[in-house]
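To keep things clear, I will list the structure first and then write my remarks on it.
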Amino acid sequence: MKILHAISSIDPRHGGTSEAVLQLGREGVRLGHTVEIVSIDDPAERWIDDFPLTLHAKGPGKTAFQYSPEFQRWLCENVGRFDTVVVHALWQYTGVAVRSACEGGKQPPYFVFPHGMLDPYFDQFPIKRMKKNLFWWWADYRVLRDARAIFFTAEEERLGAHHSFKSLRGQDVIAPLGIADPPPFRPEMQTALSEKIPALAGRPYLLFLGRIHLKKGCDFLLRAWAQVSAQHPDLCLVMAGPDQTGWAAELQTLGNDRVFWPGMLAGDAKWGALYGAEAFVLPSHQENFGLAVAEALACSTPVLISKKVNIWREITEAGGGFAEEDNDAGTLTLLRRYLSLDDPEKSTFRLAARATFEKHFRLANAAEFLHQQIARLLK
């Protein structure tokens, strides 16, 4: 098949959806498909020179909507070369342009990956919800209605989307995302982590790895830690990630001298943290996939997550982690459930974490399934 992925930005520095599309594209090529990406990125961006796939950067876009007439022109002139187009994410010009270019019956059908952007979490922000309602009826309702299918990452995402947007129409398909296998553990990874956090010095620790942001439930974790840390005097907590809103200073008052704040971890230090953690903790208010969650499972590290991480059902059913509500009580329960396990139970838990990754979140399996679904639906 010849597949075109359409996205507002594929800049690898953004992570998240951009990284998912890049990895899906690479796997599509490995499976023998022709894959190209069109985005509304500025073609003058320096990272484009080293981009590993065929990329058509047709920006920069105007306003937060990312309007780009050049993007629309390119689509109209080139979309006929492809068997299908996959639109990634909503609420910007990308989907509107693809729907317009694919109208008329002679052009290829398209699919939509919302990537969590229909989640009920965003309903709690009245102004944002009002803007989305206006845009929904003007544009994205039709974008989704006219798609050949809507790809949801997990059943939880699908249920949330229909709860939040009851007028949603389209053929729903569950198509899990995945990640590549992590690099094998090397002692240098642990050394790199020790250089970032010298005081950790081989002590056992729980790991939070993500943005220090209200959405991630960091305050829940710190308050739960305050209640359990005295009973586990050897255990530490690592709060790793960029502080994008200046919240870390306030959060640090909730911790103690066994909470470490190394900032963002990357490369060997990140993998050392994931491989060495007792468990990975993410009591988030909203997470469609959770790249770091899948990375932890791939490193045989159990995950303690909220039920607002949309892949929680797959994880708990496979035994790779625990899930509770995204509040103080739920987060405290997560820590107590894990810390009550004995060593043999924790060893079994680690094996189950890796098995969960292999069953649900390995990139090669996820990409093969997605391309099989596209081929089936094109018929």
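How fast does segment 68-160 diffuse by Stokes-Einstein, in µm²/s, taking the Kirkwood radius from C-alpha pairs at 37 °C and 0.692 mPa s? Numbers along the way, then the final one.
Values: Rh = 14.0 Å.
It comes out at roughly 234 µm²/s.
In segment 285-379, the portion of solvent-accessible area held by carbon and sulfur atoms comes to 50 percent [1.4 Å probe, whole percent, DNA, RNA and ligands not counted]. For the chain, the calculated P(r) over all alpha carbon pairs, in 20 Å bins from 0 to the bin holding the longest distance, is 28, 55, 17, 0 percent.
Over all distinct Cα-Cα pairs of segment 52-98, the Kirkwood formula returns a hydrodynamic radius of 11.5 Å.
So if each residue of separation counts as 0.36 nm, and I subtract the Cα-Cα distance between Trp138 and Arg203, what length gain in nm does that give? Don't skip to the answer; put the middle values down first.
Working: separation 65, 0.36 × 65 = 23.40 nm, distance 5.51 nm.
Full extension of this stretch gives 17.9 nm more.
What does the charge count around Ile174 come to, taking other residues whose C-beta lies under 13 Å from its C-beta (Lys +1, Arg +1, Asp -1, Glu -1)? Walk me through the numbers before you get to the answer.
On the way: positive: Arg158, Arg313; negative: Glu155, Glu156, Glu157, Asp172, Glu314.
With Lys, Arg at +1 and Asp, Glu at -1, the net is -3.
Would you please classify the overall shape of segment 83-133 from the alpha carbon gyration tensor, given that a ≥ b ≥ c denote the square roots of the eigenvalues, rounded means a/c under 1.5, and beyond that prolate means a/b larger than b/c while oblate covers the rest? Prolate.
In order along segment 190-197, the Karplus-derived 3J(HN,Hα) couplings, from 6.51 cos²θ - 1.76 cosθ + 1.60 at θ = phi - 60°, round to 5, 5, 4, 5, 4, 5, 6, 10 Hz, and Gly and Pro are given as x.
According to the square roots a ≥ b ≥ c of the eigenvalues of the Cα gyration tensor, what is the shape class of segment 180-237, taking rounded for a/c under 1.5, prolate for a/b larger than b/c otherwise, and oblate for the remainder? Each step should come with its number before you reach the end.
Numbers: a/c = 2.39, a/b = 1.35, b/c = 1.77.
The shape class here is oblate.
Computing FRET efficiency as 1/(1 + (r/R0)^6) for Arg337 and Lys62, where r is the C-beta to C-beta distance and R0 is 56 Å, gives about 0.70. Normalised by the number of residues in segment 256-379, the average gap of Cα pairs under 8 Å and 6 or more apart makes the relative contact order 22 percent.
GluC sites (Glu not before Pro), restricted to segment 100-198: which are DSSP loop and have at most 16 other Cβ atoms within 10 Å? Before the final figure, lay out each step's value.
Working: sites: Glu103, Glu155, Glu156, Glu157, Glu188, Glu195; in loops: Glu103.
Listed in order of number, the matching sites are Glu103.
Put simply, the amide H of Ile174, placed in the peptide plane, has neighbours under 5 Å in Phe152, leaving out anything fewer than 5 places away on its chain.
Using per-residue counts of other Cβ atoms within 10 Å, averaged over each peptide, order 172-185, 82-95 from highest down. Provide the component values of the computation, followed by the final result.
Values: 172-185: 17.4, 82-95: 22.8.
Top of the packing list down: 82-95, 172-185.
Backbone geometry of segment 253-269 corresponds, through the Karplus equation with coefficients 6.51, -1.76 and 1.60 at θ = phi - 60°, to 3J(HN,Hα) couplings of 6, 8, x, 9, 6, 10, 9, 10, 10, x, x, 6, 9, 9, x, 4, 5 Hz, x marking Gly and Pro.
Quote the FRET efficiency, to the nearest 0.05, computed for Leu159 versus Asn78 with a Förster distance R0 of 22 Å and r equal to the Cβ-Cβ distance. Write out the running numbers ahead of the final one.
Values: r = 36 Å, r/R0 = 1.64.
Working from the Cβ atoms, E equals 0.05.
Restricting attention to segment 195-350, the count of lysine pairs at 8 or more positions apart or across chains with alpha carbons under 21 Å apart stands at 6. Counting only alpha carbon atoms, the long axis of helix 69-78 and the longest principal axis of the chain meet at about 70°. Angle of helix 16-30 to the longest C-alpha principal axis of the chain, folded into 0 to 90 degrees and rounded to 10: 70°.
For Phe185 and Asn327, the FRET efficiency from 1/(1 + (r/R0)^6), where r spans their Cβ atoms and R0 equals 22 Å, is about 0.05. Annotation: amide H-H contacts under 5 Å for Ala279 (H modelled 1.01 Å from N, sequence separation of 5 or more, or interchain): Leu207. Once a ≥ b ≥ c are taken as the square roots of the eigenvalues of the Cα gyration tensor of segment 312-379, is the result rounded (a/c under 1.5), prolate (a/b larger than b/c) or oblate (a/b not larger than b/c)? Since a/c reaches 1.5 but b/c is at least a/b, the shape of segment 312-379 is classed as oblate. Look at the alpha carbon pairs under 8 Å that are at least 6 residues apart: their mean separation over the length of segment 128-242 gives a relative contact order of 21 percent. Excluding ligands, DNA and RNA, the accessible surface per residue across segment 17-141 is 47 Å² with a 1.4 Å probe.
Secondary-structure-derived ellipticity at 222 nm for the chain, considering helices only, amounts to -12000 deg cm²/dmol, per-run term -39500 (n - 2.57) for DSSP H runs with n ≥ 4. The 3J(HN,Hα) values that the Karplus relation (6.51, -1.76, 1.60; θ = phi - 60°) gives for segment 172-187 are, in residue order, 7, 9, 7, 9, x, 7, x, 10, 5, 4, x, x, x, 4, 10, x Hz. Gly and Pro appear as x.
Here the label points at Thr54 and Ala364, each 7 Å from Cα along the C-beta direction, are separated by 2.6 nm in the simple model. About its Cα centre, the chain has a charge dipole of approximately 1040 debye under the convention of +1 per Lys or Arg Cβ and -1 per Asp or Glu Cβ, with nothing else charged.
For the chain, take the longest principal axis of its alpha carbons; what is the angle in degrees between that and the long axis of helix 343-356, to the nearest 10 within 0 to 90? Once rounded, one gets 10 degrees. Residues of segment 68-83 with an amide N closer than 15 Å to a point placed 7 Å from the Cα of Lys106 along the Cα-to-Cβ direction: 76-82.
Would you mind calculating the relative contact order of the chain from Cα pairs under 8 angstrom and at least 6 residues apart, reporting the percent as a whole number? Could you put the intermediate results ahead of the total?
Numbers: 726 pairs, mean separation 53.6, N = 379.
Contact order relative to length: 14 percent.
Using every Cα-Cα pair within segment 236-345, state what percent have a distance larger than 24 Å. Mind dumping the intermediate values first?
Numbers: 1393 of 5995 pairs.
So the pairs more than 24 Å apart make up 23 percent of the total in segment 236-345.
The values are calculated or read from the model by the stated rules, or taken from the named source; none is laboratory data. Just so it is clear, the structure is predicted and the values come from calculations on it, not from any experiment. Neighbour counts run over all protein chains shown; Cβ positions are idealised from the backbone, glycine included. For accessibility, only protein heavy atoms count, side chains too; no ligands or nucleic acids. Shrake-Rupley method; radii C 1.70, N 1.55, O 1.52, S 1.80 Å.
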